[in-house]
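Here is the structure we will look at.
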Amino acid sequence: MCRFSNNLDILNQEEIISLISENSISFIIAYLGIINSGKIVHLISPDISEINLFNQLKSSKSKNIICNQFVKNKISNYDSIKTTIFDIEEIFSI
């Protein structure tokens, strides 16, 4: 968890980070790591539609999304989403 928190420096000091993931050990580590880094976690369901995701990101002012590879592949195809997307495993491996 601490290693994950330290690796969040790549997110440019953004205060709000959206986390999109199903319940898993990676989700728990990411959630606790974001909190440990002093940032705010904005939780989003992995089943969210494009328009709802757009509205969630707009209202939360989140500039970064952390998610698993499956969700990353799905939301990368959404034309309306201009937010930077990071794979949970990418952050673990830094």
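Of the residues that make up region 70-80, is at least one farther than 12 Å from Leu19 by Cα, of a type in the set (A, V, I, L, M, F, W, C) and touching a helix residue (DSSP H, G or I) at 6+ places or on another chain (Cβ under 8 Å)? Checked against the condition, which is being farther than 12 Å from Leu19 by Cα, of a type in the set (A, V, I, L, M, F, W, C) and touching a helix residue (DSSP H, G or I) at 6+ places or on another chain (Cβ under 8 Å), region 70-80 yields at least one hit. Selection of first residues in region 17-35 that are farther than 19 Å from Ile81 by Cβ and of second residues that are hydroxyl-bearing (Ser, Thr, Tyr) and part of a helix (DSSP H, G or I), restricted to Cβ pairs under 7 Å at least 6 apart or on distinct chains, gives the following pairs, ordered by first then second residue: Gly33/Ser5. Here Ile28, Ile44, Ile48 are screened, and the one residue that is in contact with a strand residue (DSSP E or B) (Cβ under 7 Å, 6 or more places away or on another chain) and either among the hydrophobic types (A, V, I, L, M, F, W, C) or within 13 Å of Ile88 (Cα to Cα) (or both) is Ile44.
Bear in mind that the values in this text are calculations on the coordinates, not laboratory data. Computed from a prediction, not measured in an experiment: that's the story for all the values here. Heads up, the Cβs are rebuilt from the backbone with ideal geometry, glycines too, and the neighbour counts pull from every protein chain shown.
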